[in-house]
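Below: the structure, in structure tokens.
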């Protein structure tokens, strides 16, 4: 019947919609003016249907997607009063009191409404295995009172002609051309491109890549709510992004301003298996390009290997195999029993060209529910079975496994059968789980899928109490979740600033750019980066598209600023140039050039660090200036080497030493070039000294080059040569430390690192060369010191009183205590007085300097250690490295005088009393005794001793070689004479011994006898002969007495 304007409430309308009378249309009935509008995409079919519907008083149009239904609804309410237009989908219903026009999804089209105009869009979906039976049902059974229109592809002509013999066919040509554009990388896709993939993960992955390269992309998925998809499409339509990444949902009637469609995949999972898209499916998607009269293109991305030539031709020419059969399921359902209901669902078609569809989700759910005893308990009778079928038809928006979905459906069915409605508290609890806008994209998408289920249930009449309330609640929650999801998608996949900049640059609009005094760069009043040195540095961003847009927007202003700074460097601020620790020439703190190894050690190259903001002219001007500056730096700090390297300055044998100095960066180890140095005469040495060369004990070096600035420059030149020879990147080690005389040795440093830096490796430390030479000078002063006059050896048989200087003697007399005076006794013949010992120990005429030892060696002094900044074992290693060895010499103590010894004997009886003193005093005495050193560490020149021994061996060998013949006769004659004299002398001695009663001497008599040990025996010293002025005279005299 025709719908008239009445005051029927929406609730009454819902009840009428639920009237499940059998479909009353038969294909053999009246024609109803059926028209099939067929043709490819972009032929205006949907627009024609809408215009025709609005020309009638009432009408209904079924669309394949909820999103498309909402789009058409928004268009219609701009043409008709909103009170006349209803929107009916499975999850959303906007039904005024007396609507005349109904915009529906195909599944939600009311069954009992009679309207003047009826239309179904995308009718070719009747061949779809999953949803096809619904479209087939509408094709066979839904008619308008005055006009019926089916919109679809040309491939439906034959099958519609067989099923509806009296239909009128209208073919509409495409408004624009569609051509294949080949394969392109994602980074090279033109703007206004739709990129198509077939999974959410792949869509997100591509959108992320587009954001980094192009500034952003809108995202369209079939699982998004209409509100979210509309918001995403609005981003694209408004020009905020130039790309849209979508699934095949984009191919269903969405009218977008797309110039190119790029397939990122040509295979999809259809719910059962992964298969290739067929040509009509690809044509449906590719047809989104070139809307209305604008030509479009399609192609593939680098993610797809190739597209078949036959497929390309078919899409371009719209030539496809006709559809030969449609999917069908009976709508004549028997609700008498569950068994009969399932039989009626499985009934085959009797019409040629219709094949029974595969088991759909609603039928699968029903078959699962009948295994539940509780469900079977309630499913008795037609009314109960009808409700069970309606509950089983709840869509699985959450994409759960069948068991979980069936569990939810079972609970809802029991509620309806027990209470007549769903329990309000339980329903409110389920809805509240989704009322949360926090979380990421996946969490929000999951909540939207849940709330869509509750929205669908809330839109079913009589399932919940307060239907209007719960419709609003679920719709508001879905809207909030949709807005939050849109925001997350935008944040993740769209950079609005970059997109806007790229759009304005593409349109060649003026962009306001400014650079502050501190170098901050602003684009449209937003700080985007800064000019640092001669480079433009963007703010933090990992977006390549944003970087490209900002650089393009800043190009002119930044180039002008850098040109100004180059002028400052070359004219006003050359003193601000320096060389950093990375081998770069810097203006202040900012690198402007790199130093590279040249053909000669002292002639490196400089290379300007260029960028897109430095013009060729400025680069050349700055390069010439930096080259001149670098040469000036080398001439200033390395002038000695530069002069030594000039053949005109050094000639003769000195030229060879100069060449080696240059090659070794101003330092030579003397032992390695000793022969060359010995060959130099005084004139040659004078040539080298004129340019600062010093001939040290261990090194030939230039002290001026040991300063920090020349040293760093030499280390850089050495590292450059090493990198060039090894064909590696420059690896410049840090300077050992400015002002340090020695540093701890690092084994990881290169071989020549320390020598180039002016240091000598000494086991565990590296010592600066000039400090090592100063240490050698200090050691020589004490090692070869000799007194001007030494004390003569004394006759120890008699007490000798040696007078002290008058003042010193008086001081000692005043300091002497009474007990000491009482204990003083006359010395014995074997015990010299203190005055005698003093005269023996100390030379007369000159004091021995600190560090000089009486044995001829030297001892370490604080001055020596302070030169090199270390002590202990590290200092010993340094001395060993430069050719000294250490010996421990026992300290000789002077014997006590006789008076002290006698006093000790007289007080023996008081030993017990002395032993009973306090424990603290005993401890102090023991510690004092332990602290008294018993040995001295004395160093001797091991290298000199070795060299003297070598020379002595050489002389002996030469003497033996040259005098061998002459010595034979002399030895014979001399031997006879000596032997005769020795026999005579021995005979005379034996006669004297016999007269005196002595036994003759037998040298072998005591060879195997051990001498008795008598610690109390006072052995007399053997006389020792020493030169009178020898520094060993006093020591030998004392040693003999002791």
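What the table shows:
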{"quantity": "Least to most buried among 269, 759 (fewest other Cβ within 10 Å first)", "calculated": "269, 759"}
{"quantity": "Relative contact order %, region 240-292, counting alpha carbon pairs below 8 Å whose residues are six or more apart", "calculated": "49"}
{"quantity": "Alpha carbon centroid spacing (whole Å) that separates region 659-694 from region 49-81", "calculated": "102"}
{"quantity": "Separation in nanometres of the label points that stand 7 Å from Cα toward Cβ, at residue 435 and residue 669", "calculated": "8.6"}
{"quantity": "Inter-label distance for residue 472 and residue 487, nm, one decimal - labels placed 7 Å from Cα along Cα-to-Cβ", "calculated": "2.3"}
{"quantity": "Region 577-780: relative contact order as a whole-number percent, Cα under 8 Å and 6+ apart", "calculated": "15"}
{"quantity": "Size-normalised alpha-carbon gyration radius of region 609-712, reference 2.2 N^0.38 Å", "calculated": "1.42"}
{"quantity": "Fewest-first ranking of 341, 209, using other Cβ atoms within 10 Å as the exposure measure", "calculated": "209, 341"}
{"quantity": "Region 662-751 - percent relative contact order, Cα under 8 Å, separation 6 or more", "calculated": "22"}
{"quantity": "Approximate spin-label separation residue 575-residue 659, in nm, with each point projected 7 Å along Cα-to-Cβ", "calculated": "4.2"}
{"quantity": "Theoretical FRET efficiency, 1/(1+(r/R0)^6), r = Cβ-Cβ of residue 866 and residue 889, R0 22 Å, to 0.05", "calculated": "0.35"}
{"quantity": "Residue order, fewest to most surrounding Cβ atoms within 10 angstrom, among 689, 291", "calculated": "689, 291"}
{"quantity": "Rounded Å value of the spacing that divides the Cα centres of region 262-323 and region 573-629", "calculated": "56"}
{"quantity": "Additional length obtainable on full extension of the chain from residue 364 to residue 443, 0.36 nm per residue less Cα span", "calculated": "25.6 nm"}
{"quantity": "Cα centroid of region 86-107 to Cα centroid of region 193-215, whole Å", "calculated": "34"}
{"quantity": "Beta bridge orientation in region 234-356: antiparallel %, DSSP, nearest 5", "calculated": "25"}
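A short reminder: the numbers here are calculations on the coordinates, not readings from a lab. The structure displayed is predicted, hence computed values, not measured ones. Glycine also receives a Cβ, built like all others from the backbone with ideal geometry; neighbour counts cover every protein chain displayed.
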